[in-house]
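Enquirer: Could you have a look at this structure, given as structure tokens, before my questions?
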Amino acid sequence: MSATNRDLKELIAVNRFRDDLYYRLNCINIELPDLKDRGEDVLIIANVFLRRFANQMGKQVSGFTNEISRILQDYPWPGNIRELANLIRRAVVMAD
């Protein structure tokens, strides 16, 4: 499995990526919108991470406040899903 946020066809056109490797890797192409463009999905994904990390760490965490939910939805998420996961993990670690 592999993933990238680069346009590999564009990189091939400027000789920055091998076309034979592209065709070897490109079995199934799944395009997903950036997290910042997912609206309320951000909260659904954040809650999945919250439950997962709370369970792993044995913490009792009930959810997000309305203010935090609004912040999570409004944030542009330049690091995309990995940034969200890391933020939620840190929040669970620091939760009382």
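Enquirer: Only helical DSSP H runs with n ≥ 4 go in: add -39500 (n - 2.57) per run for the chain, normalise by residue count and round the 222 nm mean residue ellipticity to 500 deg cm²/dmol.
Expert: The helix contribution divided over the chain gives -17000 deg cm²/dmol.
Enquirer: Give the residue from Met57, Trp77, Tyr22 lying farthest towards the positive end of the charge dipole for the chain; charges sit on Cβ (+1 for Lys and Arg, -1 for Asp and Glu) and the dipole is referred to the Cα centre.
Expert: Sorting the options by dipole projection puts first Met57.
Enquirer: A further question on this structure: Over the range 32-87, with the other protein chains present, what is the accessible area per residue in square angstrom, probe 1.4 angstrom?
Expert: Value returned for the range 32-87: 70 Å² of accessible area per residue.
Enquirer: Could you give the size of the charge dipole of the chain about its Cα centre, using +1 on the Cβ of each K and R and -1 on the Cβ of each D and E, expressed in debye and rounded to the nearest 20?
Expert: Value, rounded to 20: 400 debye.
Enquirer: Something else: What percentage of the solvent-accessible surface of the chain, computed with a 1.4 Å probe over protein heavy atoms, is contributed by carbon and sulfur atoms?
Expert: So the carbon and sulfur contribution to the accessible surface is 50 percent.
Enquirer: Just to be sure I understand the model, the point goes 7 Å from the Cα along the line to the Cβ. What's the resulting Met57 to Ile71 distance in nm?
Expert: The two pseudo-label positions are separated by 1.5 nm.
Enquirer: Compute the Cα gyration tensor for the range 20-86, then decide on rounded, prolate or oblate, letting a ≥ b ≥ c be the square roots of its eigenvalues: rounded whenever a/c is under 1.5, prolate when a/b is larger than b/c in the other cases, and oblate in all that remain.
Expert: oblate
The values are calculated or read from the model by the stated rules, or taken from the named source; none is laboratory data. Quick caveat, the model's predicted, so the values are computed rather than measured. Cβ sites come from the backbone with ideal geometry, for glycine too, and all protein chains shown count toward neighbours. For the accessible areas, the whole protein counts, side chains as well, though only heavy atoms, and no ligand, DNA or RNA atoms are used. Shrake-Rupley method; radii C 1.70, N 1.55, O 1.52, S 1.80 Å.
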